[in-house]
Structures are given as structure tokens and as C-alpha cells.
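Participant: Before I ask anything, here is the structure I am working with.
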Amino acid sequence: MEILTLIDRLENLVTSASRVPATHKVILDLERVLSLVDQLRLGVPKDVQDAEQILAKKETLLNHALMEARRIKTSAEEESRSRVDQSEIVKGANRRAEQTLAEAKAKADEMVKAVQDHAQKVRQDANTYAQDRIADSNNYARDVLYSLEQQLSNLLGSIRRGLDVLDVEREELEVK
């Protein structure tokens with residue numbers, strides 16, 4: 001899955017980054033981090049597209065089942081009309097045709113209901129999956145950005161302390 005690959009790349013970037021001596025801090029290439037975050041955002045719609053493809057397949061199955069039910073119904077009606085004879089055999093055949101038509105309609109209705117139920121479950125699962133992946137990606141990106149913010153804050157503090165030391169030394173030299 002592309003999102004997991006991007007997350008792995010982001011993790012690799014953080015773990016392989018240069019370390020700040022005497023701290024647990026690392027130096028990151030901001031452009032590379034932001035590029036990976038952008039790629040993560042772009043990767044999420046792929047999961048949503050996959051879910052939409054599943055829904056499209058569901059619609060195709062449902063349409064196929066409906067067409068098959070109509071074909072069976074039309075075929076049964078045509079057969080019934082073609083055997084319009086008043087003999088007992090024909091009457092029995094007509095009763096059987098009606099029974100077959102009723103069974104076919106019931107079976108088609110069951111198939112349609114089953115496909116609709118399955119499609120609804122697939123749609124719900126796909127939506128849940130996509131929402132979970134988006135939430136996970138956002139949480140991970142948020143955690144990484146908070147970590148980067150903390151690292152930058154610590155780095156700025158170190159720079160400030162270094163400048164303060166240099167200013168004190170310069171003032172001491174000027175006083176002498």
C-alpha cells in the first residue's frame with residue numbers, strides 16, 4: 001500500500017537523520033519531510049478510489065442480477081403465452097410456468113437483496129477503512145510535525161545560548 005510505503009520513508013528519514021551531539025535530537029531536511037507529508041496527503045485518495053472501485057463492482061453485480069431476473073421473467077412470460085392450449089397438460093404447464101416465474105422472481109429478489117446488503121457492507125467497510133487510514137496518517141503527520149517543532153525549538157534555544165555566551169565574552173573583552 002502506497003501510504004504505508006510513504007510512512008516507512010518518513011520513518012527512515014527521521015531515523016537516518018544526522019544527530020545533534022550530546023542530545024537525542026536529529027537534524028532533518030525540511031523540504032524532504034514536507035514532500036513526504038504532501039505525498040501522504042496525495043496517497044490517501046488512492047484508498048478512497050479503491051473503495052469506489054469496489055462500489056462500482058457492486059453496482060455491476062447488482063445490474064447483472066437485475067438484468068438476469070428480467071430476462072428470466074420475460075422468458076417465462078413468453079413461454080407461458082406460446083403454450084395457450086386448454087388441455088390439462090397445458091394448464092398444468094401454465095401452473096408450473098407461473099410457479100417457476102414466482103420462484104425466479106423470489107430468487108432474483110433474494111439475489112438483489114443479498115447484493116444490496118453486501119454492497120452496503122462493502123461501502124461501510126471501505127468508508128471506515130478510508131477514514132481510519134486518513135486519521136492514522138493525520139495523527140502520524142501531526143506527531144512528526146510536533147516532534148520537528150520541538151527539535152527546532154531546542155535547536156533555537158541552543159543557538160540563543162551560544163549567542164549569549166559570545167555576547168558576554170565580547171563585552172568582557174571590550175571592558176578590558
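Participant: Quick one: 3J(HN,Hα) in Hz for the stretch 34-40, Karplus 6.51/-1.76/1.60 with θ = phi - 60°, rounded, Gly and Pro as x.
Facilitator: 5, 4, 5, 5, 4, 5, 4
Participant: Let me ask you something else. Quick check: pseudo-label points 7 Å beyond the Cα along Cα→Cβ at LEU148 and VAL26, how many nm apart are they?
Facilitator: That separation, rounded to one decimal, is 1.3 nm.
Participant: Give me, ordered by chain and number, the residues 5 or more places off VAL26 or on other chains with an amide H under 5 Å from its own placed amide H.
Facilitator: VAL20
Participant: Step through the residues of the stretch 18-28 one at a time and calculate ³J(HN,Hα) from phi using the Karplus curve (6.51 cos²θ - 1.76 cosθ + 1.60, θ = phi - 60°), rounding each to whole Hz and writing x for Gly and Pro.
Facilitator: 3J(HN,Hα) across the stretch 18-28, in whole Hz: 5, 9, 7, x, 6, 9, 9, 8, 10, 9, 10.
Participant: Pairs of alpha-carbon atoms within less than 8 angstrom and 6+ residues apart define the contacts here; what relative contact order does the stretch 2-175 have, in percent?
Facilitator: Worked out over the stretch 2-175, it gives 25 percent.
Participant: Sum up the lysine pairs in the stretch 2-175 that clear both bars: alpha-carbon distance under 18 Å and a spacing of 8 or more or different chains.
Facilitator: Count of close lysine pairs: 10.
Participant: At a Förster radius of 25 Å, what calculated FRET efficiency corresponds to the Cβ-Cβ distance of GLN49 and GLN116, to the nearest 0.05?
Facilitator: Using R0 = 25 Å, I get an efficiency of 0.65.
Participant: Rounded, prolate or oblate: which fits the stretch 89-134 when a ≥ b ≥ c are the square roots of the eigenvalues of the alpha-carbon gyration tensor, with rounded for a/c under 1.5 and prolate only if a/b beats b/c?
Facilitator: Note, shape of the stretch 89-134 comes out prolate.
Participant: In whole Å, what is the distance between the alpha-carbon centres of the stretch 7-37 and the stretch 121-158?
Facilitator: Each part's Cα centre sits 15 Å from the other's.
Participant: With percent of Cα pairs over 21 Å apart in mind, check (i) 71; (ii) 52; (iii) 47 and report the label derived from this structure.
Facilitator: (i)
Bear in mind these aren't lab numbers, they're just calculated from the coordinates by the rules spelled out. Remember, it's a predicted structure, so these values are computed and weren't measured experimentally. Cβ: placed from backbone, ideal geometry, glycine included. Neighbour counts: every protein chain shown.
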